[in-house]
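This report refers to the structure that appears directly beneath it.
The values are calculated or read from the model by the stated rules, or taken from the named source; none is laboratory data. This structure is a prediction, so every number in the text was calculated from the model and none was measured. Neighbour counts are summed over all protein chains in view; Cβ atoms, including those assigned to glycine, are modelled from backbone coordinates with ideal geometry. Calculation scope for accessible area: heavy atoms of the full protein, side chains included, ligands and nucleic acids excluded. Shrake-Rupley method; radii C 1.70, N 1.55, O 1.52, S 1.80 Å.
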Amino acid sequence: MARHKGLTFYQKKKRLNAKVVTDIVEMIIGSLAAIFLAFVIVFSIGMRTSVIGNSMEPALYNGQEILMNRVVYKLSSPKRNDVVVFLPNGNENSHYYVKRVIGLPGETIQIKDGRVYINGVLLNEDDALDQMIDAGIAQNELTLAADEYFVLGDNRNSSEDSRSGNIGALKKDNIIGKAWFHMASENESMGLIE
């Protein structure tokens, strides 16, 4: 018998083991179940809507889609600087409004010289926010009831918010949820809303 010397390209055929096949199938089924469960949780707790208008710029843009958490305020109360989604005065025929919580229940709000005062103390806010030209109904002190919030848009001079008589202080029952995630826009990728 002659033996070939040098390199050989003969490969032994590998056979799939039943255990390996079972592990692969379990991994695929587990991954699909996790993805399905994630979608169910997000869409049962969350709700998708769009920002209408430029009142929340630069944080959120007109037409930008957001996800809101509809459950969080059933378990807790909105906090200062939360971005909330609501129907003004509970009007089911209105579009959803997206604004930032500024005043909390029991606080006294007033806008003087374009700035927000809470219980007589100037609210420490980002200097990038414009001074408000129109104080609206907050020109005089406004005391919030036990279930009311004062909300403003980030684009202060282009926002219909709690300063407007037709919106006023926002009742907790009219808050649909907390805006917590924004989809990608032309200027930024998707991410959490701050």
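Shape call for the stretch 123-194 from the C-alpha gyration tensor, a ≥ b ≥ c root eigenvalues: rounded (a/c under 1.5), prolate (a/b greater than b/c) or oblate?
Here the stretch 123-194 falls in the oblate category.
Over the stretch 109-154, calculate the relative contact order: mean separation of alpha carbon pairs under 8 Å at least 6 apart, over the residue count, as a percent.
Reported relative contact order: 42 percent.
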**Message:** Check which residues have an amide H placed less than 5 Å from GLU125's amide H, if you skip close sequence neighbours.
**Reply:** none
**Relative contact order (%) - criterion: Cα under 8 Å, at least six apart; region: the chain** = 23 percent
**Complete:** Measuring from the longest principal axis of the C-alpha atoms of the chain, the long axis of helix 18-45 (C-alpha) lies at a number of degrees, nearest 10, equal to 10 degrees
**Item:** Whole-number percent relative contact order across the stretch 49-135, with pairs defined as alpha carbons under 8 Å at least 6 apart
**Value:** 18 percent
**Fill in**
Env charge @ ILE175, Cβ radius under 15 Å, K,R +1 / D,E -1, value +3
**Request:** Output ³J(HN,Hα) for the stretch 61-74: one whole-Hz value per residue in order, computed from phi by the Karplus curve 6.51 cos²θ - 1.76 cosθ + 1.60 with θ = phi - 60°, and x for Gly and Pro.
**Result:** 10, 3, x, 5, 8, 10, 10, 10, 8, 8, 9, 3, 8, 7
**Asked** What spacing in nm lies between the two simple spin-label points modelled at VAL25 and ASN119, each 7 Å away from Cα in the Cβ direction?
**Response** 6.5 nm
**Prompt:** So who's got an amide H within less than 5 Å of the one on LYS112, skipping anything under 5 residues away but keeping other chains? H placed 1.01 Å off N, in plane.
**Reply:** TYR117
**Asked** Accessible area per residue, 1.4 Å probe, Å², for the chain: what's the number?
**Response** 65 Å²
**Asked** Using a 1.4 angstrom probe with every protein chain in place, what is the largest-first accessible-area order of GLU186, GLU26, GLU148?
**Response** GLU186, GLU26, GLU148
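With a 1.4 Å probe and all protein chains kept in place, how do GLU160, GLU107 rank by accessible area, largest first?
GLU160, GLU107
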**Item:** Amide H contacts under 5 Å for GLN64, placed H, 5+ residues apart
**Value:** VAL51
**Item:** Whole-Hz ³J(HN,Hα) from phi, Karplus 6.51 cos²θ - 1.76 cosθ + 1.60, for the stretch 116-126, glycine and proline x
**Value:** 8, 10, 10, 6, x, 10, 4, 6, 6, 10, 4
**Complete:** Labelled set (i) 1, 7, 13, 16, 16, 14, 11, 8, 7, 4, 2, 1, 0; (ii) 1, 8, 18, 22, 23, 16, 8, 2, 0; (iii) 1, 7, 13, 16, 15, 11, 7, 4, 3, 3, 3, 3, 3, 2, 2, 2, 2, 1, 1, 0, 0, 0; P(r) over Cα pairs in 5 Å bins from 0, in percent computed from this model equals the value at (iii)
**Request:** Arrange the residues LEU142, LEU122, LEU67 by how much accessible surface each exposes, largest first, with a 1.4 angstrom probe.
**Result:** LEU122, LEU142, LEU67
**Asked** Using a probe of 1.4 angstrom, how much of the accessible area of the chain is carbon and sulfur, in percent?
**Response** 55 percent
**Fill in**
The rounded separation in angstrom of the Cα centers of the stretch 114-171 and the stretch 90-105 is 13 Å
